[in-house]
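These notes concern the structure reproduced below.
The values are calculated or read from the model by the stated rules, or taken from the named source; none is laboratory data. Since the structure is predicted, the reported quantities are computational estimates derived from the model, not experimental observations. Cβ atoms come from the backbone with ideal geometry, glycine included; neighbour counts cover every protein chain shown. The accessibility values were calculated without ligands, DNA or RNA, using every heavy atom of the protein model including side chains. Shrake-Rupley method; radii C 1.70, N 1.55, O 1.52, S 1.80 Å.
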Amino acid sequence: MREAKSGRILIERLAKGADLLPALTGICVREGITHGEVWAIGALARARVAYYDQTARRYKTLDIPEPCEIVSLVGNISLKDGEPFVHAHLAVGDEKGHVFGGHLVEGCEVFAAEYVIREYLVAAHLERTYDEPTGLALWKSEAGCQRSEQR
Ligand code: ZN
């Protein structure tokens, strides 16, 4: 387990037409936020999420090519290849309230979106590296965490 202190809290909205994930990543890069959390609500003109096929060990994309509500976007910010990396999951609802969701990828066109980014001040960087058992870029687990989870 790692500990962090809360740093800045950024509250703003994204421009209409922005691509959701690159826009959030760009804010982190511009503001020098390397660790933190993000959430957002709003609406999209179209959405795209991904589903990780655990057997094939690759992402499949799912397109929602119509206007939808951002029911929830929640994610974290850490480092990958030395750069701020936003890992977020998105749930969107259609006009009947049906919800689709998955791993946020590029290709979500913002209609309106309000976000909050909370910066974490950490003693040691959280860096994503390749994890052989899953095929994903994950945080390196500390030995103490693995031991306690096995009990
Ligand atoms: Zn994910």
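Just the residues that are open to solvent by 20 Å² or more (accessible area, probe 1.4 Å) and within 11 Å of the ligand (Cβ to nearest atom), please, taken from segment 86-101.
As a first pass, look at segment 86-101 and keep what is open to solvent by 20 Å² or more (accessible area, probe 1.4 Å): 87, 89, 91, 94-101.
Hits for segment 86-101 are His87, His89, Gly101.
Among strands (runs of 3 or more DSSP E) entirely within segment 1-84, having at least 2 residues that are farther than 21 Å from Glu119 by Cα and within 16 Å of the ligand (Cβ to nearest atom) singles out 36-53, 58-64.
Among the candidates Asp19, Asp53, which residue alone is at pLDDT 95 or above and over 17 Å from the mean Cα position of the chain (by Cα)? Let's see the steps before the verdict.
Values: Asp19 fails: over 17 Å from the mean Cα position of the chain (by Cα).
Selected residue: Asp53, the only one of Asp19, Asp53 that is at pLDDT 95 or above and over 17 Å from the mean Cα position of the chain (by Cα).
Against the conditions (1) at pLDDT 95 or above; (2) open to solvent by 90 Å² or more (accessible area, probe 1.4 Å), His125 satisfies every one except (1).
As for segment 113-132, it holds at least one residue that is closer than 22 Å to Met1 by Cα, in a strand (DSSP E or B), more than 16 Å from the ligand (Cβ to nearest atom) and of a type in the set (Ser, Thr, Tyr). Among the residues of segment 109-136, those identified as touching a residue at least 40 places away in the same chain (Cβ under 8 Å) and aromatic (Phe, Trp, Tyr) are Phe111, Tyr115, Tyr120.
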